[in-house]
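Accompanying notes for the structure given below.
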Amino acid sequence: MYPQSYSPAQEIDFALLLVFVFSAVVLVVLTLVTCWFLWRYHHKRNPTPTDIRGNVTAEVLWTVLPFLMVMGLFYYGWTGFKALRTVPSGAMNVQVTARMFSWTFTYPNGKKSPYLAVPVGGPVKLDLKSADVIHSFYAPAFRIKMDAVPGMDTYAWFRAERAGTYDVYCAEYCGVGHSRMLTTIRAMEPSAFTAWMAESGPESGPEAGKKLMDAHGCFSCHAVGDEKNDMGPTLQGLYGGKVTVTDNGAEKTITADDAYLEESIRDPGKLLVKGYDNVMPPDADLSKEQMNAMLEYLRSLVSQSANGSGHAGHEHHGNAAGK
Ligand code: CUA
(Lines give C-alpha, C1' and ligand atoms only; values in the text may rest on other atoms or scores of the structure.)
Protein backbone atom coordinates (compact mmCIF):
# COMPACT_ATOMS: atom_id res chain seq x y z
CA MET A 1 0.00 0.00 0.00
CA TYR A 2 1.04 3.62 -0.51
CA PRO A 3 1.85 5.66 2.58
CA GLN A 4 -1.30 7.26 3.77
CA SER A 5 -1.29 10.96 4.46
CA TYR A 6 -4.78 12.19 3.89
CA SER A 7 -7.91 12.49 5.99
CA PRO A 8 -10.52 11.48 3.37
CA ALA A 9 -7.97 8.80 2.47
CA GLN A 10 -8.95 7.02 5.68
CA GLU A 11 -12.59 6.92 4.57
CA ILE A 12 -11.59 5.67 1.14
CA ASP A 13 -9.35 2.99 2.60
CA PHE A 14 -12.07 1.92 5.02
CA ALA A 15 -14.63 1.65 2.18
CA LEU A 16 -12.13 -0.40 0.16
CA LEU A 17 -11.39 -2.70 3.09
CA LEU A 18 -15.10 -3.09 3.83
CA VAL A 19 -15.94 -4.09 0.25
CA PHE A 20 -12.98 -6.47 0.20
CA VAL A 21 -13.83 -8.17 3.50
CA PHE A 22 -17.53 -8.33 2.58
CA SER A 23 -16.71 -9.93 -0.79
CA ALA A 24 -14.32 -12.39 0.85
CA VAL A 25 -16.93 -13.45 3.43
CA VAL A 26 -19.62 -13.86 0.75
CA LEU A 27 -17.22 -15.92 -1.38
CA VAL A 28 -16.25 -18.25 1.48
CA VAL A 29 -19.81 -18.70 2.81
CA LEU A 30 -21.31 -19.34 -0.64
CA THR A 31 -18.56 -21.81 -1.52
CA LEU A 32 -19.09 -23.75 1.74
CA VAL A 33 -22.89 -23.77 1.30
CA THR A 34 -22.53 -24.95 -2.31
CA CYS A 35 -20.25 -27.81 -1.21
CA TRP A 36 -22.63 -28.79 1.56
CA PHE A 37 -25.58 -28.85 -0.89
CA LEU A 38 -23.57 -31.00 -3.30
CA TRP A 39 -22.91 -33.51 -0.55
CA ARG A 40 -26.29 -33.41 1.20
CA TYR A 41 -28.49 -33.59 -1.91
CA HIS A 42 -26.42 -36.11 -3.86
CA HIS A 43 -28.91 -38.62 -5.41
CA LYS A 44 -27.53 -41.40 -3.17
CA ARG A 45 -28.50 -39.49 -0.02
CA ASN A 46 -31.59 -37.78 -1.46
CA PRO A 47 -33.11 -40.13 -4.10
CA THR A 48 -36.49 -38.34 -4.22
CA PRO A 49 -36.32 -34.53 -4.81
CA THR A 50 -38.68 -32.41 -2.67
CA ASP A 51 -41.10 -30.17 -4.61
CA ILE A 52 -41.09 -26.86 -2.69
CA ARG A 53 -43.77 -24.29 -3.71
CA GLY A 54 -43.09 -20.90 -2.08
CA ASN A 55 -41.48 -20.02 1.24
CA VAL A 56 -42.29 -16.55 2.58
CA THR A 57 -39.52 -16.56 5.21
CA ALA A 58 -36.86 -17.42 2.63
CA GLU A 59 -38.15 -14.81 0.20
CA VAL A 60 -38.15 -12.04 2.82
CA LEU A 61 -34.65 -13.04 3.95
CA TRP A 62 -33.08 -13.06 0.50
CA THR A 63 -34.66 -9.70 -0.31
CA VAL A 64 -34.03 -7.83 2.93
CA LEU A 65 -30.53 -9.13 3.77
CA PRO A 66 -28.88 -8.23 0.43
CA PHE A 67 -30.71 -4.87 0.51
CA LEU A 68 -29.23 -4.03 3.92
CA MET A 69 -25.77 -5.21 2.88
CA VAL A 70 -25.75 -3.19 -0.32
CA MET A 71 -27.07 -0.09 1.46
CA GLY A 72 -24.28 -0.48 4.04
CA LEU A 73 -21.67 -0.62 1.29
CA PHE A 74 -23.30 2.36 -0.40
CA TYR A 75 -23.26 4.37 2.83
CA TYR A 76 -19.51 4.00 3.33
CA GLY A 77 -18.78 4.64 -0.34
CA TRP A 78 -20.89 7.76 -0.21
CA THR A 79 -19.28 9.18 2.95
CA GLY A 80 -15.86 8.65 1.37
CA PHE A 81 -16.99 10.39 -1.81
CA LYS A 82 -18.45 13.29 0.19
CA ALA A 83 -15.18 13.73 2.08
CA LEU A 84 -13.34 13.93 -1.25
CA ARG A 85 -15.72 16.53 -2.66
CA THR A 86 -16.07 18.77 0.42
CA VAL A 87 -13.19 21.21 0.59
CA PRO A 88 -12.60 22.49 4.13
CA SER A 89 -12.70 26.26 4.52
CA GLY A 90 -9.32 27.97 4.59
CA ALA A 91 -7.85 25.68 1.95
CA MET A 92 -5.02 27.14 -0.12
CA ASN A 93 -6.02 27.43 -3.77
CA VAL A 94 -3.50 26.22 -6.31
CA GLN A 95 -4.14 26.46 -10.05
CA VAL A 96 -3.00 23.32 -11.82
CA THR A 97 -2.36 23.57 -15.55
CA ALA A 98 -1.87 20.31 -17.39
CA ARG A 99 -0.43 20.25 -20.86
CA MET A 100 1.39 17.83 -23.09
CA PHE A 101 3.50 16.71 -21.17
CA SER A 102 3.98 18.66 -17.98
CA TRP A 103 2.28 20.27 -15.01
CA THR A 104 2.41 23.89 -13.84
CA PHE A 105 1.28 24.92 -10.36
CA THR A 106 0.34 28.56 -9.70
CA TYR A 107 0.09 29.70 -6.07
CA PRO A 108 -2.09 32.48 -4.58
CA ASN A 109 0.88 34.93 -4.69
CA GLY A 110 1.45 34.29 -8.39
CA LYS A 111 4.46 32.03 -7.92
CA LYS A 112 4.70 29.12 -10.37
CA SER A 113 6.48 25.82 -10.02
CA PRO A 114 6.73 22.57 -12.01
CA TYR A 115 6.12 20.51 -8.83
CA LEU A 116 3.49 21.04 -6.18
CA ALA A 117 4.77 22.47 -2.90
CA VAL A 118 2.35 22.35 0.04
CA PRO A 119 2.52 23.00 3.76
CA VAL A 120 2.07 20.01 6.07
CA GLY A 121 -1.32 20.04 7.78
CA GLY A 122 -2.93 22.69 5.59
CA PRO A 123 -5.75 21.70 3.24
CA VAL A 124 -4.96 22.41 -0.42
CA LYS A 125 -7.57 22.85 -3.14
CA LEU A 126 -6.41 22.13 -6.67
CA ASP A 127 -8.24 23.92 -9.50
CA LEU A 128 -7.46 21.85 -12.56
CA LYS A 129 -7.29 23.12 -16.11
CA SER A 130 -5.96 21.62 -19.30
CA ALA A 131 -4.24 23.61 -22.03
CA ASP A 132 -4.81 20.93 -24.66
CA VAL A 133 -6.21 17.41 -24.23
CA ILE A 134 -7.60 15.43 -21.29
CA HIS A 135 -5.06 14.65 -18.57
CA SER A 136 -5.62 13.28 -15.10
CA PHE A 137 -3.96 14.40 -11.88
CA TYR A 138 -3.24 11.27 -9.89
CA ALA A 139 -1.59 11.35 -6.44
CA PRO A 140 -1.96 7.82 -5.03
CA ALA A 141 -0.56 8.68 -1.57
CA PHE A 142 -3.45 11.10 -1.08
CA ARG A 143 -6.03 8.92 -2.83
CA ILE A 144 -6.91 11.61 -5.34
CA LYS A 145 -7.35 11.28 -9.07
CA MET A 146 -9.13 13.97 -11.04
CA ASP A 147 -9.27 14.65 -14.76
CA ALA A 148 -8.11 17.96 -16.23
CA VAL A 149 -10.47 18.52 -19.15
CA PRO A 150 -10.13 21.32 -21.70
CA GLY A 151 -12.93 23.86 -21.31
CA MET A 152 -14.07 22.45 -17.98
CA ASP A 153 -13.15 23.38 -14.39
CA THR A 154 -12.51 20.45 -12.09
CA TYR A 155 -11.09 20.32 -8.59
CA ALA A 156 -9.69 18.06 -5.93
CA TRP A 157 -8.38 18.62 -2.45
CA PHE A 158 -6.04 16.92 -0.03
CA ARG A 159 -4.09 17.46 3.13
CA ALA A 160 -0.51 16.29 3.66
CA GLU A 161 -0.08 14.95 7.17
CA ARG A 162 3.65 14.32 6.92
CA ALA A 163 6.55 16.10 5.22
CA GLY A 164 7.91 14.24 2.24
CA THR A 165 7.90 13.87 -1.50
CA TYR A 166 5.01 12.05 -3.11
CA ASP A 167 4.57 10.92 -6.71
CA VAL A 168 2.10 12.50 -9.10
CA TYR A 169 1.18 10.78 -12.36
CA CYS A 170 -0.87 11.63 -15.39
CA ALA A 171 -3.56 8.96 -15.39
CA GLU A 172 -5.19 9.65 -18.74
CA TYR A 173 -3.43 8.69 -21.95
CA CYS A 174 -2.60 12.03 -23.59
CA GLY A 175 0.00 11.28 -26.26
CA VAL A 176 3.51 9.99 -26.78
CA GLY A 177 4.87 11.75 -23.67
CA HIS A 178 2.11 10.52 -21.34
CA SER A 179 4.35 8.13 -19.40
CA ARG A 180 6.78 10.97 -18.70
CA MET A 181 4.14 13.38 -17.46
CA LEU A 182 5.29 12.99 -13.88
CA THR A 183 5.86 15.38 -11.05
CA THR A 184 5.85 15.36 -7.26
CA ILE A 185 4.03 16.82 -4.31
CA ARG A 186 6.56 18.24 -1.87
CA ALA A 187 5.03 18.59 1.56
CA MET A 188 7.08 20.94 3.76
CA GLU A 189 6.79 22.10 7.33
CA PRO A 190 4.69 25.32 7.38
CA SER A 191 7.71 27.55 8.13
CA ALA A 192 9.70 26.04 5.27
CA PHE A 193 6.69 26.44 3.00
CA THR A 194 6.29 30.12 3.90
CA ALA A 195 9.97 30.67 3.11
CA TRP A 196 9.60 28.75 -0.17
CA MET A 197 6.59 30.86 -1.17
CA ALA A 198 8.47 34.10 -0.48
CA GLU A 199 11.47 33.03 -2.56
CA SER A 200 11.53 34.66 -5.93
CA GLY A 201 14.12 33.88 -8.50
CA PRO A 202 16.03 36.37 -10.63
CA GLU A 203 13.80 38.58 -12.78
CA SER A 204 15.92 38.47 -15.89
CA GLY A 205 18.96 36.80 -17.36
CA PRO A 206 19.65 33.15 -18.16
CA GLU A 207 18.81 31.90 -14.65
CA ALA A 208 15.37 33.53 -14.86
CA GLY A 209 14.89 31.98 -18.30
CA LYS A 210 15.83 28.55 -17.01
CA LYS A 211 13.41 28.85 -14.09
CA LEU A 212 10.67 30.01 -16.40
CA MET A 213 11.22 27.13 -18.81
CA ASP A 214 11.24 24.73 -15.90
CA ALA A 215 7.94 26.15 -14.62
CA HIS A 216 6.49 25.85 -18.12
CA GLY A 217 7.47 22.21 -18.32
CA CYS A 218 9.89 22.61 -21.23
CA PHE A 219 12.40 20.17 -19.73
CA SER A 220 9.86 17.33 -19.72
CA CYS A 221 10.43 17.00 -23.45
CA HIS A 222 13.61 18.90 -24.29
CA ALA A 223 16.98 17.67 -23.13
CA VAL A 224 19.69 19.90 -21.72
CA GLY A 225 23.31 18.85 -21.27
CA ASP A 226 23.80 15.14 -21.85
CA GLU A 227 20.30 14.14 -20.69
CA LYS A 228 18.52 11.49 -22.70
CA ASN A 229 15.19 12.95 -23.69
CA ASP A 230 14.14 12.70 -27.28
CA MET A 231 10.53 13.90 -27.09
CA GLY A 232 11.63 17.23 -28.53
CA PRO A 233 14.85 18.56 -30.03
CA THR A 234 17.66 19.03 -27.51
CA LEU A 235 18.17 22.58 -26.26
CA GLN A 236 21.90 22.10 -25.77
CA GLY A 237 23.74 23.99 -28.47
CA LEU A 238 20.49 24.69 -30.29
CA TYR A 239 20.89 28.46 -30.28
CA GLY A 240 22.61 29.76 -33.41
CA GLY A 241 22.85 26.28 -34.95
CA LYS A 242 21.25 24.97 -38.13
CA VAL A 243 17.88 23.21 -37.98
CA THR A 244 15.97 21.44 -40.69
CA VAL A 245 12.29 22.34 -40.49
CA THR A 246 9.15 21.58 -42.41
CA ASP A 247 7.37 24.60 -43.82
CA ASN A 248 4.00 23.66 -45.31
CA GLY A 249 5.37 20.27 -46.29
CA ALA A 250 8.60 21.63 -47.78
CA GLU A 251 11.88 21.02 -45.97
CA LYS A 252 14.35 23.81 -45.44
CA THR A 253 17.38 24.47 -43.27
CA ILE A 254 17.45 27.63 -41.24
CA THR A 255 19.47 29.19 -38.43
CA ALA A 256 18.02 28.95 -34.92
CA ASP A 257 18.19 32.67 -34.20
CA ASP A 258 16.09 34.79 -31.81
CA ALA A 259 13.28 35.24 -34.31
CA TYR A 260 13.01 31.54 -35.13
CA LEU A 261 13.20 30.44 -31.46
CA GLU A 262 10.62 33.00 -30.37
CA GLU A 263 8.26 31.88 -33.10
CA SER A 264 8.84 28.23 -32.17
CA ILE A 265 7.91 28.92 -28.55
CA ARG A 266 4.84 31.01 -29.37
CA ASP A 267 3.65 28.88 -32.32
CA PRO A 268 5.54 25.56 -32.29
CA GLY A 269 3.62 23.92 -35.14
CA LYS A 270 4.51 26.54 -37.74
CA LEU A 271 8.09 25.52 -38.50
CA LEU A 272 8.34 22.01 -37.13
CA VAL A 273 11.80 20.49 -36.70
CA LYS A 274 12.19 17.51 -39.00
CA GLY A 275 11.57 14.18 -37.29
CA TYR A 276 9.33 15.49 -34.49
CA ASP A 277 5.58 15.44 -34.06
CA ASN A 278 3.57 18.61 -33.64
CA VAL A 279 2.81 18.04 -29.95
CA MET A 280 4.26 21.08 -28.20
CA PRO A 281 1.60 23.39 -26.76
CA PRO A 282 1.95 27.01 -27.90
CA ASP A 283 2.92 29.60 -25.30
CA ALA A 284 1.53 32.73 -26.90
CA ASP A 285 1.06 34.74 -23.67
CA LEU A 286 4.72 35.12 -22.70
CA SER A 287 5.75 38.71 -22.15
CA LYS A 288 8.66 40.25 -24.04
CA GLU A 289 10.76 40.10 -20.84
CA GLN A 290 9.97 36.44 -20.27
CA MET A 291 10.80 35.65 -23.89
CA ASN A 292 14.12 37.50 -23.61
CA ALA A 293 15.01 35.59 -20.44
CA MET A 294 14.28 32.27 -22.18
CA LEU A 295 16.34 33.25 -25.21
CA GLU A 296 19.20 34.33 -22.94
CA TYR A 297 19.08 30.95 -21.27
CA LEU A 298 19.15 29.14 -24.63
CA ARG A 299 22.09 31.33 -25.66
CA SER A 300 23.91 30.46 -22.42
CA LEU A 301 23.59 26.77 -23.27
CA VAL A 302 25.76 27.27 -26.34
CA SER A 303 28.64 28.84 -24.39
CA GLN A 304 28.27 26.16 -21.72
CA SER A 305 28.35 23.26 -24.21
CA ALA A 306 31.98 24.11 -24.89
CA ASN A 307 33.05 23.10 -21.38
CA GLY A 308 30.50 20.33 -20.98
CA SER A 309 28.46 21.80 -18.13
CA GLY A 310 25.04 23.34 -18.40
CA HIS A 311 22.76 20.70 -17.06
CA ALA A 312 19.28 21.76 -16.05
CA GLY A 313 17.57 18.62 -14.88
CA HIS A 314 14.56 18.54 -12.63
CA GLU A 315 16.53 18.44 -9.43
CA HIS A 316 17.82 21.94 -9.93
CA HIS A 317 14.84 24.00 -8.89
CA GLY A 318 16.26 24.66 -5.47
CA ASN A 319 19.51 26.01 -6.87
CA ALA A 320 17.77 28.01 -9.53
CA ALA A 321 15.49 29.68 -7.01
CA GLY A 322 18.20 32.00 -5.78
CA LYS A 323 17.80 34.44 -2.94
CU1 CUA B 1 -1.14 13.88 -19.58
CU2 CUA B 1 -1.31 11.54 -19.85
Condition met for D167 (without any contact (Cβ under 8 Å) to a residue 60 or more places away in the chain, surrounded by fewer than 16 Cβ atoms within 10 Å (Cβ to Cβ), under 19 Å from P8 (Cα atoms) and within 15 Å of the ligand (Cβ to nearest atom)): yes
Count - residues of the range 104-120 that are within 16 Å of the ligand (Cβ to nearest atom) and either surrounded by fewer than 21 Cβ atoms within 10 Å (Cβ to Cβ) or more than 25 Å from Q10 (Cβ to Cβ) (or both): 4
Selected residue (criterion: surrounded by the fewest Cβ atoms within 10 Å (Cβ to Cβ)) from residues of the range 216-234 that are in contact (Cβ under 8 Å) with a residue 40 or more places away in the chain and more than 22 Å from the chain's Cα centre (by Cα): D226
Boolean, F142 is more than 15 Å from the ligand (Cβ to nearest atom), among the aromatic types (F, W, Y) and free of Cβ contacts under 8 Å to residues at least 12 places away in the same chain: no
Residue within the range 260-279 that is touching a helix residue (DSSP H, G or I) at 6+ places or on another chain (Cβ under 9 Å), surrounded by fewer than 16 Cβ atoms within 10 Å (Cβ to Cβ) and without any contact (Cβ under 8 Å) to a residue 40 or more places away in the chain present: yes
Only listed residue being assigned to a loop (DSSP other than H, G, I, E, B), of a type outside the set (A, V, I, L, M, F, W, C), out of contact with any His (no Cβ under 6 Å at 6 or more places or on another chain) and at pLDDT below 80, chosen from D226, D277: D226
Search result, residues across the range 255-288 that are hydroxyl-bearing (S, T, Y) and within 28 Å of the chain's Cα centre (by Cα): S264, Y276, S287
All positions within the range 170-192 that are closer than 20 Å to A215 by Cβ, more than 10 Å from the ligand (Cβ to nearest atom) and in a helix (DSSP H, G or I): A192
Residue in the range 89-103 that is within 16 Å of the ligand (Cβ to nearest atom) and in contact with a helix residue (DSSP H, G or I) (Cβ under 6 Å, 6 or more places away or on another chain) present: yes
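The values are calculated or read from the model by the stated rules, or taken from the named source; none is laboratory data. Just so you know, these numbers come straight off a predicted model, no measurement behind them. Ideal geometry is used to build each Cβ from the backbone, glycine not excepted, and the neighbour counts take in all protein chains shown.
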